[in-house]
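Step one of this worksheet: look at the structure below.
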Amino acid sequence: MRSTDTHLIARARQVILALCISLSLSAQSDRDLLNAYMREDMTVWKAYVDNLNSEAQTTSNSEALNYLYGYCGYIVAEAKKVGNEALLPEAKRYVQQFKSQITNLKSQMPIGHYEMYLSAVYVFELRLHESIHPVKAMSLAKEAVKLAPNDPIVLSYYGTSLFYAPKPFGSKKDALTYFQKSERLFRDAKWHDCWWRPATMMYIAQCHDKMGNTAEALRCTQELLKAYPDYEYIKRDYLPDLIRRTR
């Protein structure tokens, strides 16, 4: 066999392998991504969002933005940990990609999602010291709720904004109200594999906990594990701590 033929065959195999990997990533189901979230394996999410951010996929999937949003939250939090400063350029790159994507996909998003995601961009940039727009972030989150008062993702995001905002901009009590309304809407079976649902249930427990009602926090956490028994952080860290504090 001539060397040129061998080279062409090897090149064809590389192309086929790359295509198979691309198809595999694009075919990731919500269940696969939810399971990765439960296992705290964000490398799966990274591979998924990197595939979406490739040139061929840049403006193709507004629904997948919730995973890019989630990964940005993860990588920003990781970059802010002591000793992880080397991750800061990567975190900034993902936030910039997220910002570009929401601009490209604005017309395709459900109502209220553009305002919600833009609010998140300001929060990420604030944490990375790229810009300072805390008031604008909160006002956009509030605007998203006005536009989509029955969208569980929007309600959960607003609850998160209130949960983390310093007084007088937010409170755990107000956050709980929005998380609970969000969770009632999430109970529809179609939302079971959406990672926002277990995250919202976790925040409900944490709101009760922060407000001093550890017994109710424990009950909510046990309910969460009935629905999502593989939630690693809850099993390993949060539930044992709650049990210890309620004894």
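The values are calculated or read from the model by the stated rules, or taken from the named source; none is laboratory data. Everything numeric in this text was worked out from a predicted model, so none of it was measured. Every residue, glycine as well, gets a Cβ built from its backbone with ideal geometry; the counts of neighbours run over all protein chains shown.
If we only count helices (runs of 4 or more DSSP H) wholly inside the range 73-147, which ones have 2 or more residues that are without any contact (Cβ under 8 Å) to a residue 40 or more places away in the chain and among the basic types (Lys, Arg)?
Those helices (runs of 4 or more DSSP H) span 88-104, 134-147.
Looking at Tyr164, Tyr178, which one is modelled with pLDDT under 95 and of a type in the set (Ser, Thr, Tyr)?
Testing whether each residue is modelled with pLDDT under 95 and of a type in the set (Ser, Thr, Tyr) leaves just Tyr164.
Give the range 110-139 a look and list any residue that's surrounded by fewer than 19 Cβ atoms within 10 Å (Cβ to Cβ) and under 21 Å from Leu88 (Cα atoms), or say none.
The answer is Leu126, Arg127, Leu128, His129, Glu130, Ser131, Ile132, His133, Pro134.
Tell me whether the range 77-85 contains one or more residues that are surrounded by fewer than 22 Cβ atoms within 10 Å (Cβ to Cβ) and under 13 Å from the mean Cα position of the chain (by Cα).
Yes, there is a match, as at least one residue in the range 77-85 is surrounded by fewer than 22 Cβ atoms within 10 Å (Cβ to Cβ) and under 13 Å from the mean Cα position of the chain (by Cα).
For the range 198-226, name all the residues that are over 18 Å from Gly159 (Cβ atoms) and either surrounded by 14 or more Cβ atoms within 10 Å (Cβ to Cβ) or under 22 Å from the mean Cα position of the chain (by Cα) (or both).
Within the range 198-226, Thr214, Leu218, Arg219, Gln222, Leu225, Lys226 qualify.
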